[in-house]
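Colleague: Quick one: the structure is below, and I'll ask about it shortly.
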Amino acid sequence: MLLLLHCLENAKTMNASIIDIPNWATPIGARLSSMLTELNCEKKAEILEGMTEPEFINYRVNIYLAQLEQALLCGVYSISGAVEIAEQESLACF
């Protein structure tokens, strides 16, 4: 985490541009999209709860990122443990 913060600070001071990656292009976004594709129409409609697929993916990736941040900041979990917790939370709707 500290290394990431250090790298981000260096990028800012070097006037480097930070790439903004859309949620659907992240690995968890791709996994969510793939899982939605595999569902039948009724189950997909139930899971989407009136959202479009991009809205749903954005929402669930935001959950993933929030859970990841929370797990890392609490200091109890390793990176892989934090990722696992975040994945479980973001995929819980399936």
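Colleague: For the range 16-60, name all the residues that are of a type in the set (A, V, I, L, M, F, W, C), modelled with pLDDT under 95 and surrounded by 15 or more Cβ atoms within 10 Å (Cβ to Cβ).
Modeller: Listed by number, the list holds a single entry, TRP24.
Colleague: Looking at the structure I just gave you, is ILE63 part of a helix (DSSP H, G or I) and either free of Cβ contacts under 8 Å to residues at least 24 places away in the same chain or touching a Lys or Arg at 6+ places or on another chain (Cβ under 8 Å) (or both)?
Modeller: Answer is no for this residue.
The values are calculated or read from the model by the stated rules, or taken from the named source; none is laboratory data. As the structure is a computational prediction, the values presented were derived from the model and not from experiment. So basically every Cβ, Gly included, is an ideal-geometry build from the backbone, and we count neighbours across all protein chains shown.
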